[in-house]
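Have a look at the structure below, then the notes.
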Amino acid sequence: MSQTKTLDWDPGTYARFRDFRLRPALDLIAQIGGLPEGPVVDLGCGGGAVAAALARRFAGRALVGVDASPAMLADAAATGVYSALVEADIATWRPDAAPALIFSNAALHWLDAHDLLLPRLAEMLPPGGVLAVQMPHQFDAPSHVLLREVAKSHFPGRVAATALRTPVVAPADYLRLLAGVGVVDGWETTYVQRLAPAKAAHPVRRFTESTAMRPFLAALDEVEAARFTALYDAELAAAYPAEEDGSVLFAFRRLFLTLIRSRTAS
């Protein structure tokens, strides 16, 4: 087995589809009502793409960004919007003060054990505090299935098992999990995104290479990664055929969850 590389996030590559990645966050913000006293936490803040929107919606509150990536935190700092930035693993992070809102956009699907993680986050909130989460729920879509199939067929045993499964479950499962902590709502939305033609790459691969594709490439050397990419591009061309103008219609499903902490949680 090859040595798996540890890669920091590339803010520039991730930001390539900024508008598509920002829209679900804005949709989630729109579902948040009043809050108690306390700071707003942008959990898994990345490069700060949602910072300005959170600051506008919750003006006058401290805004704390939390992320494990130094490169992403550097970009977040450059926004000048956050009151504080914390480098931390979400799995073990704890706030200095009870947050009025823990907002997490496209981050928690990277962590396992949601049956422990989500209740732990909810219990950090004061009465009336809100947990608001958005996660990709794309594991069974061709974009993600083909990553696993290429890995299993051409590089068996090379990719970490965590990349071959998802911790994300159905909205109803999260509602059951958190029912004793507060008032929970969950839903899914499929965004049909028109991806522009990309030079020497399938447009869907350009979208996934900064996120879902990362752990697959990290397990391979440069020659293998190039072969993996070529095989994946070929499979994507059949699964997501180009429109007349060369663009591709890419359906992407996302899961949303909001919780308002009860005054007295059971």
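The values are calculated or read from the model by the stated rules, or taken from the named source; none is laboratory data. Here the structure is a predicted model, which means the values were calculated and not measured. Using ideal geometry, Cβ is built from the backbone for each residue, glycine included, and neighbour counts are taken over all protein chains shown.
Values computed for the structure shown
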read-out: Among residues of the range 68-89, those that are surrounded by 15 or more Cβ atoms within 10 Å (Cβ to Cβ), within 16 Å of the chain's Cα centre (by Cα) and closer than 18 Å to P215 by Cα, counted; value: 3
read-out: The range 1-43: number of residues that are in a loop (DSSP other than H, G, I, E, B), modelled with pLDDT under 95 and among the polar types (S, T, N, Q); value: 4
read-out: Candidate set from the range 112-159 (those that are touching a residue at least 40 places away in the same chain (Cβ under 8 Å), small (G, A, S) and not in a loop (DSSP other than H, G, I, E, B)); member that is surrounded by the most Cβ atoms within 10 Å (Cβ to Cβ); value: S143
read-out: Every residue from the range 214-265 that is closer than 27 Å to A107 by Cα, touching a residue at least 12 places away in the same chain (Cβ under 8 Å), surrounded by fewer than 19 Cβ atoms within 10 Å (Cβ to Cβ) and small (G, A, S); value: A218, A239, A251, S262, A265
